[in-house]
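Input: a single structure, listed below in structure tokens.
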Amino acid sequence: MRPSITRTLVLLTAILPAAAAPQSTSNQSTENQASAQTQFRISGTVVDGVSGVPLARASVFISSTSDRSRRITTSSAADGRFLFTDLAPGKYMLSGSAKGYPYRMFEQHENFSTAIAVGRDLVSENLALRLFPLGAISGQVTDEFSDPIRSAQVMLLQSGVNGGNQTVRMERQTNTDDQGHYRFAGLQAGRYYIAVSAQPWYAQHNIQTDSTSPAVPGGPGLRPGLEQNADLDVAYPITYSPRETDAAQATPIALQPGEQATADVTLAPVRALHLRLTARAWTFPKT
């Protein structure tokens, strides 16, 4: 009987590990499959939005739509490719920027963009993140004789929507050089206006001088200055490119991504208008 019991124990010892091995492999496979179902990727290529050429060394960002304060950053490779791994299911904001290309969201249109949905059976790879190059507006300011106007003040105005209303705001200003040239670089696509303010170099204003400050009506006051040529008493009104003095009739410049636009401005003089203000002294009773 004892030899029989011994043989039974030996058989059980050999069978139990063999039965347990497949069960361990099955559990590990299930765990790996569950892990793979909760870890996803976002990948794609950063490209020039105009030419489609891949952009190397671009900064690429993602952040969860539920917590945009936590941002993950990477850089595109030489072929423009980028990759984010080990992502939990959810929605992510994808964006990027590069030298000469301003920050832009994925599929951005004005203030709207498209989020990337990450999860099982969802497409979150082989995306195209399009960045658009900056543009510029330059030109020359001339007078009625086609001569360049130096040191003219040139203002760049941009049209856009703010709070649901169409607005025009001043973005920058500069001055013309000795040849009347100006330039605004690093501009995003949009609708712009160029406005110029200047003074004719030959203008002679018939300015009146103040001999004394009158304290009461009828007292001594303003008197004409030196006699001057009235035909030279002129000024340039604020002028919008190319030569419009009415802001409502100004023609906008529809700047496209990466465009180098030209906007020349011609100024024409008008008779100067002088405004005279009289100071009056007031006496208040003592209390």
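The values are calculated or read from the model by the stated rules, or taken from the named source; none is laboratory data. Predicted model only: the values in this text are computed from it and were never measured. Methodologically, a virtual Cβ is constructed for each residue, glycine included, from the backbone with ideal geometry; neighbour enumeration extends over all protein chains shown.
Return yes or no: is ARG68 part of a strand (DSSP E or B), of a type in the set (Lys, Arg) and in contact (Cβ under 8 Å) with a residue 60 or more places away in the chain?
Against the criterion (part of a strand (DSSP E or B), of a type in the set (Lys, Arg) and in contact (Cβ under 8 Å) with a residue 60 or more places away in the chain), ARG68 does not qualify.
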Residues in segment 135-142: is at least one in a loop (DSSP other than H, G, I, E, B), of a type in the set (Gly, Ala, Ser) and touching a strand residue (DSSP E or B) at 6+ places or on another chain (Cβ under 6 Å)?
-> no
Residues being under 20 Å from the mean Cα position of the chain (by Cα), surrounded by 15 or more Cβ atoms within 10 Å (Cβ to Cβ) and over 15 Å from ARG41 (Cα atoms): count how many of those fall in segment 59-101.
-> 6
Go through segment 149-178 residue by residue and tally those that are in contact with a Phe, Trp or Tyr (Cβ under 9 Å, 6 or more places away or on another chain), assigned to a strand (DSSP E or B) and in contact (Cβ under 8 Å) with a residue 24 or more places away in the chain.
-> 8
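On the basis of being touching a residue at least 60 places away in the same chain (Cβ under 8 Å), surrounded by 16 or more Cβ atoms within 10 Å (Cβ to Cβ) and closer than 25 Å to GLN256 by Cα, does VAL50 make the cut?
no
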May I ask you to say which residue of GLN204, GLN179 is over 19 Å from ARG243 (Cα atoms), more than 18 Å from the chain's Cα centre (by Cα) and either of a type outside the set (Val, Ile, Thr) or modelled with pLDDT of 95 or more (or both)?
-> GLN204
Please indicate, with yes or no, whether at least one residue in segment 51-70 is hydrophobic (A, V, I, L, M, F, W, C) and modelled with pLDDT under 95.
-> no
